[in-house]
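One structure is given here, and the rest of the page talks about it.
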Amino acid sequence: MAIDLHKYANPTRFLRIANAIFPWSIVTTVVLLATGLYLGLFVSPADYQQGETVRIMFVHVPAAWMAMSVYSMMAVSSAAGLIWKHPVADLSAKAAAPIGACFTFLALVTGSLWGQPMWGAYWVWDARLTSMLILLFLYLGYMAVWGSFEDQSKAAKAAAILVLIGAINIPIIKFSVDWWNTLHQPASVATMDGPKIHSSILTPLLIMGLGYTSLFVTIFIIRVRTEILGRRLRMLRVNQLQE
Amino acid sequence: MNEFFEMGGYGNFIWSSYGLSAGVLIFLVIISVRQLRQVERDLAPLEETRRSFRKRPVKEGATS
Amino acid sequence: MRSFLALLKRDMLLAYRQGSALTMTLSFFVIAVTLFPLGVGPELNVLARIGPGVLWVGALLACLLTLDRIFQADFEDGTLEQLMLGPLSIEFIVLTKIIAHWVMSVLPLIAITPILAISLNVHADGIWAMIFSLLIGSPVLSLIGAVGAALTVAMRRGGVLLSLLVLPLYIPVLIFGVASVEAAVALMPMAPHLMLLGGLSLGALVVCPFAAAAALRLAVE
């Protein structure tokens, strides 16, 4: 297993695989997002309770899914970076962080745009919104750590430690925020998960989710390439100075 | 057509959330591609000199 | 064990002789809490309502002020490196620092909380709950804070980053801490909240020294 992992950890090999996937990921992203948007905006009916605003769900929920799964992916690859000293693992966590932060931000903004017509307020201290906000802070802290070390290999380890502590904390934070919310439940808040989701809404939602995932893969490949080449650039510059 | 854009009175909210999502994600793509181009541009001359020094091909993939 | 205690004694003595830091944190705590009545108005009902939260947030921020000093001085004059060469493993060095920080910087905050709580018109039951919840929950502040301090110790201006890293992780303690006080004021059982706080403390005690030690190795190497 370890040997296998190291095979993929090799930057050159990683780049070769990424280059092979890349065109396909662009195509699937475009196709999935186009289908998802068409189904979501034209085909799926308005919800009988929430009316047309339910369509915000098609950009909100996938963003929230991605926000969480990108963080878990960062935690896994940071752990791999710490344990097996993968050359690509740290860089991949670094490359994923801004994408995850963008998804989290979008989940928050679209959530509050959905909240205004539904709850009558742009922001309510709903458990989910609050946890998302905290997740955004975690992403920002992670990116700040990368930015404030000059030595990249130290930054990688420090960021990995932070992301793992955060990953242990996330379930606790989630639980505490839910707890807090049930204690302070405002009377008028309607929950998002009212009636069962009908398939006419579920299908475009899933397609949008897959579309977001493949968009993530596309941007991720671009960013990891940038990181790998950037590391090579620094190395060559140091070599040049030494010669 | 107009009805479609109004979205039963909630057009503002719906279109601004779709617009923001598209805007942020497209911005992210553009930024990422730009950074990649920048690194590639900086890397090209270094790889060139390295190749002429060492007289041996640089690893495949790193330059493409 | 003996070197552990010796180190602990040394750290506490150092903190004690540097008394100015302690008075500054205490005054910060008092001033920060004083600002709230001035901000929201002197109405006693309102103050009693927000009191527990204000005190917890104030204690959290005051604790944050002293965090960056956990490792700073020893890191800068090289003591930390010497300690690491010694018989004690880094995890234990970290643990002594954390205990010293908690005893010297956090306990005094807890000691003056009752006075501030009275000034905010918190109910008497609430004051007891406040002390209990702080005693049980505040070790988490030192423990998680030590990880942040270790991560940022080598940076020139790590203080701001430290708060960005640490504050989101403090949220569960804040929530359960305030919830226990509110439960006590409402004459409801506060044991579940306190148990959760204790669980957080024990969990952090297991994880944080290792993480902080890993971060310190990084800073020193």
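The values are calculated or read from the model by the stated rules, or taken from the named source; none is laboratory data. If you're wondering where the values come from, they're calculated on a predicted model, not measured in any experiment. A quick note on method: Cβ atoms are made from the backbone with ideal geometry, for glycine too, and the neighbour counts reach across all protein chains shown.
Here are some notes:
- Counted residues, the range A:63-87 - those being within 9 Å of another protein chain (Cβ to nearest Cβ) and either more than 20 Å from A:K154 (Cα to Cα) or crowded, with 22+ Cβ neighbours inside 10 Å (or both): 1
- Contact map, the range B:13-40: first residue facing another protein chain (nearest Cβ under 8 Å), second residue surrounded by 16 or more Cβ atoms within 10 Å (Cβ to Cβ) and not in a helix (DSSP H, G or I), Cβ cut-off under 6 Å, separation 6 or more or different chains; pairs are B:I14/B:M7.
- Test: C:L64 is part of a helix (DSSP H, G or I) and touching a Phe, Trp or Tyr at 6+ places or on another chain (Cβ under 8 Å): no
- Unique residue being more than 15 Å from the chain's Cα centre (by Cα), within 22 Å of C:E221 (Cβ to Cβ) and among the polar types (S, T, N, Q) when the list is C:T23, C:T79: C:T79
- Single residue of the range A:137-151 satisfying the filter (facing chain C (nearest Cβ under 9 Å) and either among the hydrophobic types (A, V, I, L, M, F, W, C) or closer than 12 Å to A:L108 by Cβ (or both)) that is surrounded by the most Cβ atoms within 10 Å (Cβ to Cβ): A:L138
- Taken together, the residues in the range B:30-55 that are surrounded by 16 or more Cβ atoms within 10 Å (Cβ to Cβ) and among the hydrophobic types (A, V, I, L, M, F, W, C) amount to 4.
- Considering (1) part of a loop (DSSP other than H, G, I, E, B); (2) touching a helix residue (DSSP H, G or I) at 6+ places or on another chain (Cβ under 9 Å); (3) surrounded by fewer than 18 Cβ atoms within 10 Å (Cβ to Cβ), the lone condition that C:V46 does not fulfil carries the number (1).
- Considering only residues in the range C:179-215 that are surrounded by fewer than 24 Cβ atoms within 10 Å (Cβ to Cβ) and among the β-branched types (V, I, T), the one that is nearest to the other protein chains (Cβ to nearest Cβ) turns out to be C:V207.
- Residue within the range C:130-148 that is assigned to a helix (DSSP H, G or I), free of Cβ contacts under 8 Å to residues at least 24 places away in the same chain and farther than 18 Å from A:L138 by Cα present: yes
- When the range A:107-121 is filtered for residues that are over 12 Å from A:L133 (Cα atoms) and either outside any helix (DSSP H, G or I) or more than 9 Å from chain B (Cβ to nearest Cβ) (or both), the ones remaining, listed by number, are A:G115, A:M118, A:W119, A:G120, A:A121.
- Residue list for the range C:179-195, filter: in contact with a Ser or Thr (Cβ under 9 Å, 6 or more places away or on another chain) and in contact (Cβ under 8 Å) with a residue 24 or more places away in the chain: C:S180, C:V181, C:A184, C:M190, C:H193, C:L194
- Test: residue in the range A:41-52 that is under 9 Å from the mean Cα position of the chain (by Cα), modelled with pLDDT under 90 and buried (at least 18 other Cβ atoms within 10 Å of the Cβ): no
- All positions within the range C:149-173 that are within 13 Å of the chain's Cα centre (by Cα), in contact (Cβ under 8 Å) with a residue 60 or more places away in the chain and facing another protein chain (nearest Cβ under 8 Å): C:L167
- Residue count for the range C:89-131, restricted to those that are among the hydroxyl-bearing types (S, T, Y) and over 17 Å from the mean Cα position of the chain (by Cα): 2
- Of all the residues in the range C:67-85, those that are in a helix (DSSP H, G or I) and within 25 Å of C:I175 (Cα to Cα) number 1.
- Here A:D90 meets each of (1) more than 11 Å from every other protein chain (Cβ to nearest Cβ); (2) surrounded by fewer than 17 Cβ atoms within 10 Å (Cβ to Cβ) with one exception, condition (2).
- Of all residues in the range A:122-131, those being farther than 23 Å from B:V24 by Cα and not in a loop (DSSP other than H, G, I, E, B) number 1.
- Considering the conditions (1) in a helix (DSSP H, G or I); (2) more than 18 Å from the chain's Cα centre (by Cα); (3) more than 7 Å from chain C (Cβ to nearest Cβ); (4) surrounded by fewer than 20 Cβ atoms within 10 Å (Cβ to Cβ), A:W179 is excluded by exactly one of them, (3).
- Pick from the range A:204-231, criterion hydroxyl-bearing (S, T, Y) and more than 9 Å from chain B (Cβ to nearest Cβ), ranking: farthest from A:I21 (Cα to Cα): A:T213
- Residue in the range C:81-101 that is under 23 Å from C:V178 (Cβ atoms) and not polar (S, T, N, Q) present: yes
- Among (1) in a loop (DSSP other than H, G, I, E, B); (2) within 23 Å of C:T152 (Cβ to Cβ) - the single one C:L109 does not satisfy: (1)
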